[in-house]
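J.: A single structure is presented below for examination.
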Amino acid sequence: MELTGKHIALGVSGGIAAYKAAELVRLLIKQGATVQVAMTEAATHFITPVTFQALSGNPVFTDQWDPRVANNMAHIDLSRAADVLLIAPASADFLAKVANGLADDLLSTLTLARDCPLLVAPAMNQQMWENAATQRNIVTLRSDGISILGPACGEQACGENGLGRMLEPEEILTELIAHFQPRLLAGKKVLLTAGPTFEAIDPVRGITNLSSGKMGFALARAAREAGAEVTLVCGPVSQPTPSGIKRVDVTSAHEMHAAVMQCAAAQDVFIGVAAVADYRPKLASEHKIKKDGASATPIELVQNPDILADVAALPAPPLCVGFAAESRNLADYAQKKRAAKKIPLIVGNLVQHGFGGDDTMLTLFDDDGATPLPPGPKLALARALIEHIAGLLARR
Ligand code: PMT
């Protein structure tokens, strides 16, 4: 559970996306958070307080003059108890109020009186979002240190299409979890590779491996949570893109090499998590190979470029981190790979732990020797590795 012990004050303002806030409360509770909901009067036209009360297990506040609050200071009490105030959905009208410091109902008063960070998830018609007044307000909110989550682009409840949709509850949850992570890589650029490569033999066949992309995607998410600007070059995988990350899809090792070399020199960190094919067929057949011969035709292989070694050989390389998946002799093989590629850190994992699963076991090999990390989910280990990398970067 990612939010155990956290108190989230959730403000719901008036918009059709208010119904999605119910799912958000469910997700927050599932992650161990305590949730306290406050709604605008407009929001109660879209969804009733009873829904939020049932889901959060806490009374819901909508009125500044609520007789249940003995001292009439709900706006102070609610924000003092919170680690974060999240407004989802945040309507155009509500954002305008916050940008201008208005406090004419419970939620806007609570927002003005808060002493905790504020995150807002805008939700409105695309024309309202594009309106110069809204854009002015967003600039003001950003410069006031308020985090703007989204909005997303797509089909809207009014039938129009464009920017203004509220992020999905799962995406808001991910952003909120990221908010509580230490910003160890703020201002840094991180480039990663993930997944397998696919080396074509003919139009329907190829050489590939069992990498799912999970470890690389977890690391990309952890680097983003730590405040880095993240580019993820990935082979053919079916992982969803973590929010706020630039994803570049490639197929072969050659394409991965080209995509990486295009931007590697501008990075602070490069992490090669991909299981890159060392060899490819010298010639990919234009047509499907038929089995009409008496004996099978051998496939001639040629070596692929070594992406990690080429990045490490740049005149001013980023901090390079490699991965090594081995079925035996992990420490020996990993250290040999680290030396061959001339990189400061290599992360070893046994193939039976690394490929495909949600959990893994990692050992870090650097100048200080071997440091095993406690086994666990790939995201937890990714966060530990990012912490280690931030330490190496600071000592560079
Ligand atoms: O994707 P998952 O299912 O979550 O699995 C994760 C993983 C097991 C694939 C990952 O944790 C891992 O170990 N990746 C490296 C696999 C490996 O053994 O790579 P390698 O020994 O071929 O290469 C060593 C390093 O050089 C790696 O960082 C690799 O990205 C890099 N390399 C290798 C060959 C090449 N041509 N270019 C490279 O950059």
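The values are calculated or read from the model by the stated rules, or taken from the named source; none is laboratory data. Please read these numbers as outputs of a predicted model, since none were measured by experiment. Cβ sites come from the backbone with ideal geometry, for glycine too, and all protein chains shown count toward neighbours. The protein model used for the area step is the full one, side chains on, heavy atoms only, and it has no ligands, DNA or RNA in it. Shrake-Rupley method; radii C 1.70, N 1.55, O 1.52, S 1.80 Å.
J.: Looking at the stretch 3-17, which of its residues are more than 24 Å from residue 76 (Cα to Cα) and open to solvent by less than 20 Å² (accessible area, probe 1.4 Å)?
T.: 15, 17
J.: OK, next. Given the condition touching a His at 6+ places or on another chain (Cβ under 6 Å) and under 14 Å from residue 11 (Cα atoms), answer yes or no: does some residue in the stretch 120-128 qualify?
T.: no
J.: Here's another thing I want to ask about it. Condition first: assigned to a strand (DSSP E or B) and at pLDDT 95 or above. Can you find one or more residues in the stretch 165-177 that meet it?
T.: For the stretch 165-177, residues assigned to a strand (DSSP E or B) and at pLDDT 95 or above: present.
J.: Give all pairs with beta carbons closer than 9 Å in which a residue from the stretch 18-37 that is over 17 Å from residue 82 (Cα atoms) and part of a helix (DSSP H, G or I) meets a residue that is open to solvent by less than 20 Å² (accessible area, probe 1.4 Å) and aromatic (Phe, Trp, Tyr); count only pairs at least 6 apart in sequence or on separate chains.
T.: Between residues of the stretch 18-37 that are over 17 Å from residue 82 (Cα atoms) and part of a helix (DSSP H, G or I) and residues that are open to solvent by less than 20 Å² (accessible area, probe 1.4 Å) and aromatic (Phe, Trp, Tyr), the close pairs are 21/52; 22/52.
J.: Scan the stretch 337-365 for residues that are more than 10 Å from the ligand (Cβ to nearest atom) and surrounded by 14 or more Cβ atoms within 10 Å (Cβ to Cβ) and jot them down.
T.: 344, 345, 361, 363, 364, 365 - these are the residues of the stretch 337-365 that are more than 10 Å from the ligand (Cβ to nearest atom) and surrounded by 14 or more Cβ atoms within 10 Å (Cβ to Cβ).
J.: Answer yes or no: is there a residue in the stretch 244-252 that is within 14 Å of the ligand (Cβ to nearest atom), touching a helix residue (DSSP H, G or I) at 6+ places or on another chain (Cβ under 8 Å) and of a type in the set (A, V, I, L, M).
T.: Checked the stretch 244-252: at least one residue is within 14 Å of the ligand (Cβ to nearest atom), touching a helix residue (DSSP H, G or I) at 6+ places or on another chain (Cβ under 8 Å) and of a type in the set (A, V, I, L, M).
J.: Condition test on residue 269, is it within 16 Å of the ligand (Cβ to nearest atom), among the aliphatic types (A, V, I, L, M), free of Cβ contacts under 8 Å to residues at least 40 places away in the same chain and open to solvent by less than 60 Å² (accessible area, probe 1.4 Å)?
T.: Judged against the criteria, residue 269 is not a match.
J.: Check residue 334 against each of (1) within 20 Å of residue 367 (Cβ to Cβ); (2) touching an Asp or Glu at 6+ places or on another chain (Cβ under 6 Å); (3) within 13 Å of the ligand (Cβ to nearest atom) and name the one condition it does not meet.
T.: Looking at each condition in turn, residue 334 falls short on (2).
J.: Could you grab me the full set of residues in the stretch 317-332 that are closer than 19 Å to residue 211 by Cα and open to solvent by 40 Å² or more (accessible area, probe 1.4 Å)?
T.: 325, 327, 328
J.: With (1) more than 13 Å from the ligand (Cβ to nearest atom); (2) small (Gly, Ala, Ser); (3) surrounded by 10 or more Cβ atoms within 10 Å (Cβ to Cβ) as the list, and residue 295 as the residue in question, which single condition is left unmet?
T.: (3)
J.: Can you confirm whether residue 63 is more than 32 Å from the chain's Cα centre (by Cα), in contact (Cβ under 8 Å) with a residue 24 or more places away in the chain, over 26 Å from residue 130 (Cα atoms) and open to solvent by 10 Å² or more (accessible area, probe 1.4 Å)?
T.: Judged against the criteria, residue 63 is a match.
J.: Checking residue 192 against (1) within 15 Å of the ligand (Cβ to nearest atom); (2) hydrophobic (A, V, I, L, M, F, W, C); (3) open to solvent by 40 Å² or more (accessible area, probe 1.4 Å); (4) touching a residue at least 60 places away in the same chain (Cβ under 8 Å), only one condition comes out false. Which one?
T.: (3)
J.: Of 314, 283, 308, 301, which residue is more than 8 Å from the ligand (Cβ to nearest atom) and either within 26 Å of residue 185 (Cα to Cα) or surrounded by 17 or more Cβ atoms within 10 Å (Cβ to Cβ) (or both)?
T.: Unique residue meeting the criteria: 314.
Residue-by-condition table, conditions (1) open to solvent by 30 Å² or more (accessible area, probe 1.4 Å); (2) within 24 Å of residue 179 (Cβ to Cβ); (3) in contact with a strand residue (DSSP E or B) (Cβ under 8 Å, 6 or more places away or on another chain):
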{"residue": "71", "(1), (2), (3)": "yes, no, no"}
{"residue": "76", "(1), (2), (3)": "yes, yes, no"}
{"residue": "79", "(1), (2), (3)": "no, yes, yes"}
{"residue": "86", "(1), (2), (3)": "no, yes, yes"}
{"residue": "90", "(1), (2), (3)": "no, yes, yes"}
{"residue": "104", "(1), (2), (3)": "yes, no, no"}
{"residue": "109", "(1), (2), (3)": "no, yes, no"}
{"residue": "135", "(1), (2), (3)": "yes, yes, no"}
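J.: So in the stretch 210-240, with the set limited to residues that are open to solvent by 50 Å² or more (accessible area, probe 1.4 Å) and either within 9 Å of the ligand (Cβ to nearest atom) or part of a loop (DSSP other than H, G, I, E, B) (or both), which one is farthest from residue 307 (Cα to Cα)?
T.: Per the criteria, the residue is 240.
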